[in-house]
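Down below is the structure, laid out as structure tokens.
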Amino acid sequence: MKNICISKNDMESTLSEIFIKYNFTKEKAKLLSEVFTENSLSGVTSHGINRVPLFIDYIKKNLVNKDAEAKKTEALGSIERWDGNNGPGIINAITCTNRAVELSKTHGIGLVALRNTNHWMRGGYYGWHAAAQDCISILFTNTKPNMPAWGGQDLKLGNNPFIISIPRKEGHIVLDMAISQFSFGKINDYKLKGETLPFEGGWDNNGNLTNNPEQILESERSLPIGYWKGSALAMVLDMLATILSAGNSTYKLGLDEYETGVSQIFICINQTTFRDSNLQEKLLKEIIDFTHQTTPTKPGEKTYYPGERSLKTRTENLKNGISVNQSIWQKVLDL
């Protein structure tokens, strides 16, 4: 089915009405609609508008407690533990990002470990959010098992998204990646478009590597980035998220049919602590310029720093509207 263009304002107002209908407060409905819309505006519809029907389904099934809020359980100076009480992942993640920022303004660095929360949608959103407050951030979450550990066939690892953001006057640097070659949301995007993945992204049911999105979604076996290296990184991120938050591991998440109660880490570093912002800007520009000055592999192409294409996409979508799969938009309207 073809794509249609929706303006930022139309998407945001439509989503706000939906969340209010499902008994969120006006304040929470506004926050949720802003995040889902911003994710879509930046070109990540897989973790934006496409996820809204599933999010509402989780609310209707009481898998996510819409009224619950994250609460601090332990405070150890610049390190805190919080319990998400199975509340909406977006709201909990905003709360804990803001708290890590506050801690960094006092201590130079702040770490908030969150347990019993839910899908935060696009992790990069919180990287951009921290960067806007002059904070470097390192953020990650575990997930249910959706990758095999290298050398095995069974699903034992999560694709545990990992984010690093660095504030910069000419455009923040934001790395946002799953530890699988493609997130499942992105794989589903290719399926909706009727396209194959540009590279192999997982295994089919016969154990063969494939770039067919339908076969990967059926097998639920995604490919770790860097093969065995990605496998090891996914495992270590799960370990850190679990022990620092005293929360659920990927193993525990895999015992239930639905993915709820995940563990997440929010680390923020106050960029102004070192009082040399001009030097930092100069050094970042030096690295970016060095990378940009390269011969492209194909005529007309170029290299990008992490977050550069998101800024470009956001500008284009503000002007032209957000490209949304027509069937997805209809599902949203039906809500």
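Residues checked against (1) within 27 Å of Ile164 (Cβ to Cβ); (2) open to solvent by less than 50 Å² (accessible area, probe 1.4 Å); (3) assigned to a loop (DSSP other than H, G, I, E, B):
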{"site": "Cys5", "(1), (2), (3)": "no, no, no"}
{"site": "Asn9", "(1), (2), (3)": "no, no, no"}
{"site": "Glu12", "(1), (2), (3)": "no, yes, no"}
{"site": "Ile18", "(1), (2), (3)": "no, yes, no"}
{"site": "Phe24", "(1), (2), (3)": "no, yes, yes"}
{"site": "Thr37", "(1), (2), (3)": "yes, yes, no"}
{"site": "Ala100", "(1), (2), (3)": "yes, yes, no"}
{"site": "Leu103", "(1), (2), (3)": "yes, yes, no"}
{"site": "Leu111", "(1), (2), (3)": "yes, yes, no"}
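Selection within segment 39-69: residues that are among the hydrophobic types (A, V, I, L, M, F, W, C) and farther than 28 Å from His172 by Cα. The member of this set that is most open to solvent (accessible area, probe 1.4 Å) is Leu54. Any residue in segment 64-72 that is at pLDDT 95 or above and part of a helix (DSSP H, G or I)? Among the residues of segment 64-72, not one is at pLDDT 95 or above and part of a helix (DSSP H, G or I), which makes the answer no.
Where helices (runs of 4 or more DSSP H) sit wholly within segment 241-335, those with at least 1 residues that are modelled with pLDDT of 95 or more and touching a Leu at 6+ places or on another chain (Cβ under 8 Å) occupy 250-253, 308-320, 326-334. When the test is whether a residue is open to solvent by 60 Å² or more (accessible area, probe 1.4 Å), farther than 30 Å from Thr291 by Cα and in contact with an Asp or Glu (Cβ under 9 Å, 6 or more places away or on another chain), Gln215 passes it. Kindly indicate whether any position in segment 326-335 is touching a residue at least 40 places away in the same chain (Cβ under 8 Å), open to solvent by 90 Å² or more (accessible area, probe 1.4 Å) and either in contact with a strand residue (DSSP E or B) (Cβ under 6 Å, 6 or more places away or on another chain) or under 19 Å from Met121 (Cα atoms) (or both). Yes, segment 326-335 contains a residue that is touching a residue at least 40 places away in the same chain (Cβ under 8 Å), open to solvent by 90 Å² or more (accessible area, probe 1.4 Å) and either in contact with a strand residue (DSSP E or B) (Cβ under 6 Å, 6 or more places away or on another chain) or under 19 Å from Met121 (Cα atoms) (or both).
Scanning segment 175-192 for residues that are open to solvent by 10 Å² or more (accessible area, probe 1.4 Å) and assigned to a strand (DSSP E or B), we see that the one that is farthest from Ala132 (Cα to Cα) is Met177. The single condition from (1) open to solvent by 70 Å² or more (accessible area, probe 1.4 Å); (2) in a helix (DSSP H, G or I); (3) out of contact with any helix residue (DSSP H, G or I) (no Cβ under 7 Å at 6 or more places or on another chain) that Ala234 fails is (1). Restricting the search to segment 22-42, which residues are under 20 Å from Trp329 (Cα atoms) and either modelled with pLDDT under 95 or of a type in the set (Phe, Trp, Tyr) (or both)? If the condition is that a residue be under 20 Å from Trp329 (Cα atoms) and either modelled with pLDDT under 95 or of a type in the set (Phe, Trp, Tyr) (or both), then Tyr22, Phe36 are the ones that fit. Going residue by residue through segment 251-261, is there one that turns out to be under 25 Å from Ile79 (Cα atoms), open to solvent by 50 Å² or more (accessible area, probe 1.4 Å) and among the hydrophobic types (A, V, I, L, M, F, W, C)? Looking through segment 251-261, none of the residues is under 25 Å from Ile79 (Cα atoms), open to solvent by 50 Å² or more (accessible area, probe 1.4 Å) and among the hydrophobic types (A, V, I, L, M, F, W, C).
Any residue at all in segment 9-16 that is closer than 21 Å to Leu311 by Cα and more than 20 Å from the chain's Cα centre (by Cα)? Looking for residues that are closer than 21 Å to Leu311 by Cα and more than 20 Å from the chain's Cα centre (by Cα), one finds at least one in segment 9-16, hence yes. Somewhere in segment 154-164, is a residue open to solvent by 10 Å² or more (accessible area, probe 1.4 Å), farther than 21 Å from Leu233 by Cα and in a loop (DSSP other than H, G, I, E, B)? No: zero hits. Looking across segment 277-318 at every residue that is touching a residue at least 60 places away in the same chain (Cβ under 8 Å) and more than 13 Å from Arg168 (Cβ to Cβ), the one that is most open to solvent (accessible area, probe 1.4 Å) is identified as Arg309.
The values are calculated or read from the model by the stated rules, or taken from the named source; none is laboratory data. Just so it is clear, the structure is predicted and the values come from calculations on it, not from any experiment. Because the Cβ atoms are built from the backbone with ideal geometry, glycine has one as well, and the counts that use them run over all protein chains shown. Keep in mind that these areas ignore ligands, DNA and RNA; they rest on the heavy atoms of the full protein, side chains included. Shrake-Rupley method; radii C 1.70, N 1.55, O 1.52, S 1.80 Å.
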